[in-house]
1. Scan region A:208-222 for residues that are within 11 Å of chain B (Cβ to nearest Cβ) and open to solvent by less than 10 Å² (accessible area, probe 1.4 Å) and report the count.
2. All but one of (1) under 15 Å from the mean Cα position of the chain (by Cα); (2) buried (at least 21 other Cβ atoms within 10 Å of the Cβ) hold for A:Ala148, so report the exception by its number.
3. Out of (1) farther than 17 Å from A:Leu189 by Cβ; (2) among the aliphatic types (A, V, I, L, M); (3) more than 14 Å from chain B (Cβ to nearest Cβ), what's the single condition that is false for A:Ile43?
4. Which is closer than 29 Å to B:Val338 by Cα, touching a Pro at 6+ places or on another chain (Cβ under 7 Å) and away from chain B (no Cβ under 14 Å), of A:Gly170, A:Gly66, A:Gly70, A:Gly115?
5. Can you tell me which of (1) over 12 Å from A:Val135 (Cβ atoms); (2) at pLDDT 90 or above is the one A:Ile12 doesn't meet?
6. Exactly one condition in (1) touching a residue at least 60 places away in the same chain (Cβ under 8 Å); (2) of a type in the set (Val, Ile, Thr); (3) within 13 Å of another protein chain (Cβ to nearest Cβ) is not met by B:Thr327; state its number.
7. Which fully enclosed helices (runs of 4 or more DSSP H) of region B:1-119 have 2 or more residues being within 14 Å of chain A (Cβ to nearest Cβ) and at pLDDT 85 or above?
8. When residues of region A:35-85 are filtered for being touching an Asp or Glu at 6+ places or on another chain (Cβ under 9 Å) and open to solvent by 10 Å² or more (accessible area, probe 1.4 Å), how many remain?
Amino acid sequence: MSIFEAILLTVITASTPLVIAALGELVTERSGVLNLGVEGMMIMGAVAAFAGAQMSGSPYVGIICGIVAGALFSLLFAFLTLTLVANQVATGLALTLLGLGVSGQLGEPFVSVPGIRLGEIVIPVLSDIPVIGPVLFKQDLIFYLSIALVVGVSWFLFRSRVGLKLRAIGDSHASAHALGIHVIRTRYLAVMFGGACAGLAGAQLSLVYTPQWVENMSAGRGWITLALVVFASWRPWRVFAGGYLFGAVTILQLHAQAFGLGIPSQFLSMLPYAATIVVLIIISHNRRTTLINTPASLGKAFVPER
Amino acid sequence: MRIELEKRPDVSKLFGVVSPLLALVLTLIFGAIMFAMLGKDPVEALDAFFVEPLLEVWSLHELAIKAAPLILIAVGLAVCYRSNNWNIGAEGQFTIGAITGSYIPIVFYDWHSPLVLPLMLMTGALGGALFAAIPALLKAHFNTNEILTSLMLVYIAQLFLDWLIRGAWRDPKGFNFPVSRDFAPEAVLPAIWEESGRAHWAFIFAIVAAIGVWFMLRYTLKGFEVVVLGQSERAGRFAGFSSKKMIWFSFLFSGALAGLAGICEVSGSIGHLQPAISPGYGFSAIIVAFLGRLNPLGIIASGLVLALTYLGGEAAQLSIGVSDKVTRVFQGLLLFFVLSCDTLIYYKIRIIWSRVKGGAA
């Protein structure tokens, strides 16, 4: 395997969780809900996936545990912000803080336990194509899921009837409600989809990226995800592109450390975070385009009149 | 079963006071359940967590030590949040304040003067303010989301501290441990009442800051500006207030307080710089700010409560052998219950059991 292929493979591994979690958050935000708890849901997914894989011996059970944990955890957020109309920003923060605490507590017995790595699924014939084959068709299940999610979410939002309703709710919940669309119910589902995706992304971290459990192993990826959604101006394919851009920055940083460029490793480790800030500046600079793309009722509470 | 909300004609004063207390009680109940699930006697555990630390004088001092940074940071954050500026990066401003404040006692180690301490406190606050100026600048001029930028800067600040302490500022006599040299006596924040415990001046700074900000918010034009712009930017514009200036003001102010908390922590409690200087004070202060209802006097009370969860976490670790992560769980639960109980202030809640709309409750 060439170095080029090896780098590509690590970029894919680093980008997959970002793409998945960002797609979930994109759907949530398109419905008009801003959930800042991605980091918390992701880490809950990571610990649940690790625990599930350990107890059952199968990483696939782990994946399911991660998805379910993320979705259930997001339900807490949905209940507070949708039913009790609590402040979305503060509740999202609470979700992250609670998630970091609970996952640390639950993960205690798993510290320094050797993990189970999710195996690759080789697609016959296609995987024999030089360069592209081993990179794209000899991957783990979660990578294939991430590609399916990009296509699926894109189709759902812009080609399906329910997707149209979801976008309508995100742009004007009052008019959508007047048209007889179930605002709260749809938002519940959108938040839970976001949670499930964050959970799956977490599962990727503890089953593929580094198959082990380390406290706080999400390391700010949940927050980078939120920046990605803004970067992508709420469009699935741009989330995909952005996710790979960020993944590449993360990996370049690691390779630069290995080459020993003479730059202290701490400064290289700052790169993904610094890149996030720079990208946010570039994107937000043009006030008009951000305004056009942002779901109009993003972050606003909805209480049906009766 | 459905839950319906009905807007109250006016904000309930009663629930304004009761809701944080209710949140506290619910947290304790859930805490008891959690301890039971961990296989500990819930009464014994809660006693070790929340009561025993309050029974001895020295541990009350420890409580003040932990409450001081929480109150200092939260009071600044309250100004931010009230004006609708979401500074989430206090942890980073705390770290940078600790670094800039440590410049004099580490680089000019041999300079002995009574001026050292005041200069440290000033450079610490200045460092925190300058670091907070970054998200402020980006929000005011590029319309960049301040939640994300201030948070990304936390990671950058921590990595910067790590680099500094493993490189230029490492103690040459420290056996290669990543710590700076110990501060000279004149660079150490003095204790308030040395005979009985370690509590130092940071607690006094915190109380003064809380009362000062309370006065500002209640009686001054600046305070009025904060509240008006926070409730409606449009209304603020009509009143001739600038939301851009408010972004700068709130970020610099909260950054300065977080920076001050940082240098106080290093100079008063730790005595040198090390890679980890905060057990998440910057994030817990967010809970403190909300639990205190974004009111500085309430923040003094809630800061003491959160400090108790840190202290109780340490105590419970020793006495009943639960992990220190329990502290974080308690803090997260508390914030959750605070937010859900706050709904009662603005809404009446009706639980409807039947599926018929408007049916018997």
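The values are calculated or read from the model by the stated rules, or taken from the named source; none is laboratory data. Only a predicted model underlies this, so the values are computations on that prediction, with no experimental measurement involved. Cβ atoms come from the backbone with ideal geometry, glycine included; neighbour counts cover every protein chain shown. Quick note on the areas: whole protein, heavy atoms, side chains included, nothing else; ligands and nucleic acids left out. Shrake-Rupley method; radii C 1.70, N 1.55, O 1.52, S 1.80 Å.
1. 2
2. So A:Ala148 meets the others, but not (2).
3. All conditions are met except number (3).
4. On the way: A:Gly66 fails: touching a Pro at 6+ places or on another chain (Cβ under 7 Å); A:Gly70 fails: touching a Pro at 6+ places or on another chain (Cβ under 7 Å); A:Gly115 fails: closer than 29 Å to B:Val338 by Cα.
Only one candidate passes the filter, namely A:Gly170.
5. A:Ile12 satisfies all of (1) over 12 Å from A:Val135 (Cβ atoms); (2) at pLDDT 90 or above except (1).
6. Among (1) touching a residue at least 60 places away in the same chain (Cβ under 8 Å); (2) of a type in the set (Val, Ile, Thr); (3) within 13 Å of another protein chain (Cβ to nearest Cβ), B:Thr327 violates only (1).
7. B:13-37, B:57-82, B:90-101
8. Qualifying residue count, region A:35-85: 2.
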